[in-house]
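First up is the structure itself, then whatever we jot down about it.
The values are calculated or read from the model by the stated rules, or taken from the named source; none is laboratory data. Computed from a predicted model, the values in this text were never measured in an experiment. Here the Cβ positions follow ideal geometry from the backbone for every residue, glycine too, while neighbour counts run over all protein chains shown. Ligands, DNA and RNA are excluded from the accessible area calculation, which covers all protein heavy atoms including side chains. Shrake-Rupley method; radii C 1.70, N 1.55, O 1.52, S 1.80 Å.
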Amino acid sequence: MKEEIFSSGRMNPMIDPTLHIWHWHIPVYLFLGGLAAGILFFAALYHILGKENEYKTAVKIAPFLVPFILVIGLGALFLDLSHKIYFWRLYTTIRFESPMSWGAWILMFITPLSIIWCAFHIRELMPKWDWKFKLVIRLEEFLRSYKTLLAWFMLVAAVILGVYTGILFSAFNARPLWNTSILGPLFLASGLSAGAAVIFLMSRSHKEKLLFAKIDLIVIGIELFLIVHLFMGLLASTQVQIDAAMLFLGGPYTASFWIFVVILGMLIPAILEILELRGAKIPALIPAFLVLLGSLMFRFIFTYAGQFSSWTY
Amino acid sequence: MRYAMAIDTKKCVGCSDCVVACQTENNVPIGYCRDWIVEITEGVYPELRLENRSERCNHCESSPCVRCCPTGASHYSEGGVVLITPEKCIGCGACITSCPYDARYPHPDGYVDKCTFCLHRVKDGLKPACVSVCPTKCMYFGDLDVPNSEISKVLKIRKHKILIPEAGTKPQLYFLI
């Protein structure tokens, strides 16, 4: 048997023996970004379709969570930076080749947009709300006249944000597990599923609940389809990508991925939603919580496993 | 101008002098390194084959680290040398993750650090610290665009390889085999 001993004098902290430069911040940030993208996507979509009053939670109520979600997400991203006082450098450069730059700019665009969207609907939550200053009232009236246009912008920006959370990973050819463009749609689907779950949880209208159970079910179906394709693609690729796929097919991440992401995060909520659609009374909290947990675990597992996968030479 | 380095794996004894010279020249923080030695032993005893390599940043012509950097801190400098501007680096870690050779590390001061081909020495007409101290003279450094440079000549006559060519980064660190 041919043997090979590889020894290296390198022992840089956080790089060796396996890369571990990204900790909890990145998966939390990607989860919150995806969730915000999901909520805003449905808010914009149902406004454009003219169903604001039918699906009130989706269009008017759930978006109030988004500014908070984005701020917490950006806070996590900020904590991840090791040269924090220079964070503003992100906004003195536009680099089209860098997904990180895309992410910073799309967040700069979508965060104010989500706040404006909340301002349109603040009276839904606080009927006696008064803007007090004439300028603000005028500004709100002015922006309101362009609400549908803003909704279109928000729809597109939400898709970019959702896809970006996956593209951030897939742009790295150094990490074979991540280096597949299917992560873009997969992370978008995961974000949409999380967004639908939050709306499903918050809604008080039976009709809206059923709609979002249906949407979530369809998106979970798409996610499962994309996961199958992810592994098909990796297994049909080069040796390093086959090794990356094996992390989930017998390797160290097998149990956590299939139990938390696929079974608890997709299959069980899907079954519960089917039961709900058939008329059974399922507490909304259970499927919604499981979907959100699955979505968060998906990002954690992918962040850690991706750093574990590498080229060997 | 295209700076490159070649390491003769037949001459390298793996003494780590290059590592220490680099740490001293560049004030590399204790516990970190910008270059390192890799030893690979293959075969079944007593028929063994040994390869020693002094490795560092490959100063790739198509660098994923430069591509991924959101602020332009990672950039190409003279002769295609990949450098980092600490005052532009936010420490996001994208470049570290993007490097197939894992050549970068987070400096304790927050920014990302790696080999610079000792550009400050090269500009003064000196060789990089690692090259200048090598006791077996197994390292060659120079400009590939000059046909008569030491490195151009050695790459013309010696069989050589690059690491992970399939990563598509066009590395500029050559190993004579």
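The residue of the range B:2-59 that is surrounded by the most Cβ atoms within 10 Å (Cβ to Cβ), among those that are part of a loop (DSSP other than H, G, I, E, B) and on the phi > 0 side of the Ramachandran plot, is B:59.
I'd like the full set of residues that are of a type outside the set (Asp, Glu), within 22 Å of residue B:5 (Cα to Cα), facing another protein chain (nearest Cβ under 8 Å) and assigned to a loop (DSSP other than H, G, I, E, B), limited to the range B:102-112. Residue satisfying the conditions is B:104 alone.
The rows are residues; the columns are (1) within 11 Å of chain A (Cβ to nearest Cβ); (2) crowded, with 24+ Cβ neighbours inside 10 Å.
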{"position": "B:65", "(1), (2)": "yes, yes"}
{"position": "B:80", "(1), (2)": "no, no"}
{"position": "B:83", "(1), (2)": "no, no"}
{"position": "B:86", "(1), (2)": "yes, no"}
{"position": "B:89", "(1), (2)": "yes, yes"}
{"position": "B:95", "(1), (2)": "yes, yes"}
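Do you know which residues across the range B:128-166 are free of Cβ contacts under 8 Å to residues at least 60 places away in the same chain and closer than 13 Å to residue B:6 by Cα? Matches in the range B:128-166: B:149, B:150, B:152, B:153, B:156, B:157, B:159, B:161. Just to be sure, is residue A:295 assigned to a loop (DSSP other than H, G, I, E, B) and either open to solvent by less than 20 Å² (accessible area, probe 1.4 Å) or closer than 24 Å to residue A:30 by Cβ (or both)? Spelling it out, it is not the case that residue A:295 is assigned to a loop (DSSP other than H, G, I, E, B) and either open to solvent by less than 20 Å² (accessible area, probe 1.4 Å) or closer than 24 Å to residue A:30 by Cβ (or both).
Annotation: of all residues in the range B:150-177 being in a loop (DSSP other than H, G, I, E, B) and open to solvent by 20 Å² or more (accessible area, probe 1.4 Å), the one that is nearest to the other protein chains (Cβ to nearest Cβ) is B:168. Confirm whether residue A:68 is in contact with a helix residue (DSSP H, G or I) (Cβ under 6 Å, 6 or more places away or on another chain), among the aromatic types (Phe, Trp, Tyr) and more than 13 Å from every other protein chain (Cβ to nearest Cβ). Judged against the criteria, residue A:68 is not a match. When we screen A:50, A:73 for residues that are part of a loop (DSSP other than H, G, I, E, B) and either within 17 Å of residue A:188 (Cα to Cα) or open to solvent by 30 Å² or more (accessible area, probe 1.4 Å) (or both), the only hit is A:50. What do you reckon, is residue A:274 over 17 Å from residue A:305 (Cβ atoms) and open to solvent by 70 Å² or more (accessible area, probe 1.4 Å)? Yes; evaluated as a whole, the condition is true for this residue. Checked against the criterion of being more than 8 Å from chain A (Cβ to nearest Cβ) and closer than 26 Å to residue A:6 by Cα, the candidates B:120, B:59, B:75 yield just one match: B:59. Looking across the range A:93-108, the residues that are outside any helix (DSSP H, G or I) and at the interface with another protein chain (Cβ under 7 Å from one of its Cβ atoms) come down to A:93, A:95, A:97, A:98. Examine the range A:55-68 for a residue that is out of contact with any Lys or Arg (no Cβ under 7 Å at 6 or more places or on another chain) and exposed (fewer than 14 other Cβ atoms within 10 Å of the Cβ), and state whether such a residue exists. Yes, some residue in the range A:55-68 is out of contact with any Lys or Arg (no Cβ under 7 Å at 6 or more places or on another chain) and exposed (fewer than 14 other Cβ atoms within 10 Å of the Cβ). Of the residues that make up the range A:121-128, is at least one within 30 Å of residue B:66 (Cβ to Cβ) and part of a helix (DSSP H, G or I)? No, the range A:121-128 contains no residue that is within 30 Å of residue B:66 (Cβ to Cβ) and part of a helix (DSSP H, G or I).
Every condition in (1) at pLDDT below 95; (2) touching a strand residue (DSSP E or B) at 6+ places or on another chain (Cβ under 8 Å); (3) more than 10 Å from chain A (Cβ to nearest Cβ) holds for residue B:46 except the one numbered (2). Among the candidates A:248, A:289, A:225, the residue that is surrounded by fewer than 14 Cβ atoms within 10 Å (Cβ to Cβ) and either aromatic (Phe, Trp, Tyr) or more than 25 Å from residue A:54 (Cβ to Cβ) (or both) is uniquely A:225. When the residues of the range A:20-47 are filtered to those that are open to solvent by 10 Å² or more (accessible area, probe 1.4 Å) and part of a loop (DSSP other than H, G, I, E, B), the one that is nearest to the other protein chains (Cβ to nearest Cβ) is A:21.
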